[in-house]
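Just so you know, all these numbers are worked out from the coordinates, no wet-lab data involved. Note that the structure is predicted; figures quoted are calculated from it, not measured. Please note: Cβ atoms are built from the backbone with ideal geometry, for glycine as well, and neighbour counts cover all protein chains shown.
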Amino acid sequence: MSDVLVLAEHHNSEIKKITLELVTGARALGNPVVLWLGGGCTEDTVATLGNYGATKVLVADSDAVNNHPVAPGAEIVASLIDSLTPVAVLVASTADGKEVAARAAIKSNCGIITDAVEIAADSTVTQSVFGGSTVVHSRVTKGTPIITVRPNAIPATPQPFAAVREDISVDISAGAQRVTVKDRTVVAKGARPELTEAEVVVSGGRGVGGPEGFSVIESLADSLNAAVGASRAATDAGWYPHQFQVGQTGKTVSPQLYIANGISGAIQHRAGMQTSKVVVVVNKDPEAPIFELADYGVVGDLFTVVPQLSEEITKRK
């Protein structure tokens, strides 16, 4: 079988769940070969990637990679497309991932498809577009397909293989090193799961009424071990931090369960959560557009409904 290049998403030695999803998806196309940019790739890391089907882990660890954002990674991906001739390149649909994919596509003169939710064995890609109203099936017709995949779109399933580590050295151009990382600040990680990787997301919108209204959203999220999200209206108003915004100009999520509270359902918000497996809506406006996506809907005041829901969930634990 031919190789499929998978760009790993990680924080030091912590493998992001989307990486395991990408490796799982790559197995349908060929032999997954993981590219690990930067440090932190341990024996346990290689073993974990192998447990999900990776045959090889290529590690590019150098100052040129660690001290410069995005551009060196794109050059390495383009170089490996030339040397490995993979049947496809899979990248996470994150901000950095999509930038690396786009730059690599230009450098290697290859076609690119973004925000895939499914990949068939013949490299046909499924996308959900226009706020979930249209499903598109696409294929790259030029060069090696470079495909970015939405987190939580492909369930990560183990398929053990004895992966081999290989350290690689790639010359990084001076142009790729013009922007330098001067300092890093570690963001304090709370008890809740990462928004883009969470199995359950509880979001609040304009209907929460203010920053204090998010306390009921957080209580429900904690009862479900869920991540907290927010609509653009709520983050623009300063009610909740922007890094938790779900939507076209925020983060894209695809959890097993998405609970939208006090969110009207503008097309921009729907674009960020339309591929959620089950959508529950709580809104006092029965005409709110978000109900069009709902699997289950409650017409009512969220400050009455949500605390009751949290209480009932806590009782059943």
- For the chain, what does -39500 (n - 2.57) per DSSP helix run (n ≥ 4), summed and divided by total residues, give at 222 nm, in deg cm²/dmol to the nearest 500? -7500 deg cm²/dmol
- Note on the structure: Of all DSSP beta bridges having both residues in the chain, the percent classed as antiparallel (nearest 5) is 20 percent
- Query: How large is the dipole of the stretch 195-316 about the Cα centre if only Lys and Arg carry +1 and Asp and Glu carry -1, each at its Cβ, rounded to the nearest 20 debye?
  - Reply: 200 debye
- Query: Ranked highest first by the average count of other Cβ atoms within 10 Å around their residues, in what order do 307-313, 66-72, 21-27 fall?
  - Reply: 21-27, 66-72, 307-313
- Extension gain residue 317-residue 95, at 0.36 nm per residue separation less the Cα-Cα distance, in nm? 76.3 nm
- Item | Sequence ranges 8-15, 177-184, 141-148, ranked by mean other-Cβ count within 10 angstrom, highest first | 141-148, 8-15, 177-184
- Listed with the fewest Cβ neighbours within 10 Å leading, 133, 219 appear as 133, 219
- FRET efficiency for residue 51 and residue 2 from the Cβ-Cβ distance with R0 = 22 Å, rounded to 0.05, comes out at 0.50
- 14 Å beta-carbon shell around residue 23, net charge (K/R +1, D/E -1): +1
- Message: Tell me which DSSP H helices of the chain clear both cut-offs, 15 Å or more of axial length from alpha-carbon atoms and a mean Kyte-Doolittle hydropathy of at least -0.5.
- Response: 71-84, 95-108, 302-316
- Message: As a quick test, which of the pairs 56/182; 17/56; 16/284; 142/251 have an alpha carbon distance above 27 angstrom in this structure?
- Response: 56/182; 16/284; 142/251
- Item | Relative exposure of 166, 292, 75, 197, judged by other C-beta atoms within 10 Å (fewest first) | 166, 292, 197, 75
- Message: For the stretch 108-177 and the stretch 71-103, what is the centre-to-centre distance using only Cα atoms, to the nearest Å?
- Response: 9 Å
- Message: Given Cβ point charges of +1 (Lys, Arg) and -1 (Asp, Glu) and nothing else, what value in debye, to the nearest 20, does the dipole of the chain about its Cα centre take?
- Response: 300 debye
- Message: Is there a quick way to get the dipole size of the stretch 3-177? I mean about its Cα centre, with the Cβ of Lys and Arg at +1 and of Asp and Glu at -1; what is the value in debye to the nearest 20?
- Response: 540 debye
- Message: What does the net charge come to around residue 82 if you take all other residues with beta carbon closer than 12 Å to its beta carbon, with K and R at +1 and D and E at -1?
- Response: 0
- To the nearest 0.05, the calculated FRET efficiency linking residue 67 and residue 142 through their beta-carbon distance, R0 being 25 Å, is 0.15
